[in-house]
Amino acid sequence: AVAHRGPDGRGILSGAALGGRWRWGLARDRLAIIDPSQASAQPMADPSGQVAIVLYGEIFNYQELRREIALEGGWVFRSRGDTEVVLAGYVLWGPGVLSRLNGMFALALWDGRQRRLTLVRDRLGVKPLYYADLNGRLIFGSEIKALLADPALPRDIDPGNLAGYLSLGFVPGPAAMLESVRQVPPGHALEVTEGGGVSIRRWWNFEAHPGEDTN
């Protein structure tokens with residue numbers, strides 16, 4: 001459904017949480033820009049196979065982070081891309097890696113150690129990220145049409161959001177055109193635990209720093 005977003009590669013990674021019944025899966029149609037080699041193929045997992053990521057967008061400061069991670073954590077990089085930098089940063093710093101990222105991105109991280117799935121959207125929401133909770137089964141993607149590939153997704157249009165789209169040219173988040181679909185808000189992370197708990201937290205907040213009055 002979203003093959004046009006990534007003509008340079010396709011990958012699927014799935015499994016079950018160790019010791020549990022919760023199944024998970026990540027899929028990616030890749031547009032290769034920074035590192036077109038197979039080493040940057042997605043989904044990407046860490047050497048232990050316990051942490052996996054899909055990311056689209058661009059991390060502008062990935063080279064600086066790469067050097068920092070190599071020095072502090074001793075990570076031996078297999079690729080020249082930014083996806084592995086985010087993955088390695090998460091393994092080293094946990095969720096704290098988010099505050100270090102400078103870029104436009106949306107990503108999904110599966111942490112098998114914590115049995116937790118995290119969906120993250122960049123600070124200003126440059127990259128979209130949609131999701132739907134289907135009776136305890138969470139699906140997500142960069143476009144609503146990816147979610148529509150699931151026949152269980154209700155197709156009912158929200159009349160109020162349709163009016164907003166006709167007035168503004170877009171649907172203000174966290175709502176979406178369909179009643180069953182939501183957007184991860186900009187600067188927020190959605191976390192799902194194996195017990196079925198879904199929570200959304202703000203990982204970035206705009207802070208104004210007025211300049212000095214020179215008059």
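The values are calculated or read from the model by the stated rules, or taken from the named source; none is laboratory data. Just so it is clear, the model here is predicted, and its values are computed rather than measured. Quick reminder, even Gly has a Cβ in these numbers, built from the backbone with ideal geometry, and neighbours come from all protein chains shown. With ligands, DNA and RNA removed, areas are computed over all heavy atoms of the protein, side chains included. Shrake-Rupley method; radii C 1.70, N 1.55, O 1.52, S 1.80 Å.
Figures for the structure shown
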quantity: In the range 1-32, residue surrounded by the most Cβ atoms within 10 Å (Cβ to Cβ) [restricted to those that are in contact with an Asp or Glu (Cβ under 7 Å, 6 or more places away or on another chain) and in a loop (DSSP other than H, G, I, E, B)]; calculated: Arg30
quantity: First in the range 85-96 and under 17 Å from Gln42 (Cα atoms) and in contact (Cβ under 8 Å) with a residue 24 or more places away in the chain, second anywhere and of a type in the set (Ser, Thr, Tyr) and assigned to a helix (DSSP H, G or I), Cβ under 8 Å, 6 or more apart; calculated: Val85/Tyr62; Val86/Tyr62
quantity: Options Glu84, Glu58: the member that is open to solvent by 30 Å² or more (accessible area, probe 1.4 Å) and either outside any loop (DSSP other than H, G, I, E, B) or among the acidic types (Asp, Glu) (or both); calculated: Glu58
quantity: Test set (1) open to solvent by 10 Å² or more (accessible area, probe 1.4 Å); (2) touching a helix residue (DSSP H, G or I) at 6+ places or on another chain (Cβ under 7 Å); (3) more than 30 Å from Glu179 (Cβ to Cβ); (4) not aliphatic (A, V, I, L, M) - Tyr130 fails condition number; calculated: (3)
quantity: Some residue of the range 34-46 being open to solvent by 70 Å² or more (accessible area, probe 1.4 Å), among the hydroxyl-bearing types (Ser, Thr, Tyr) and assigned to a loop (DSSP other than H, G, I, E, B); calculated: no
quantity: Candidate set from the range 154-185 (those that are over 25 Å from Arg137 (Cβ atoms) and in a loop (DSSP other than H, G, I, E, B)); member that is most open to solvent (accessible area, probe 1.4 Å); calculated: Phe170
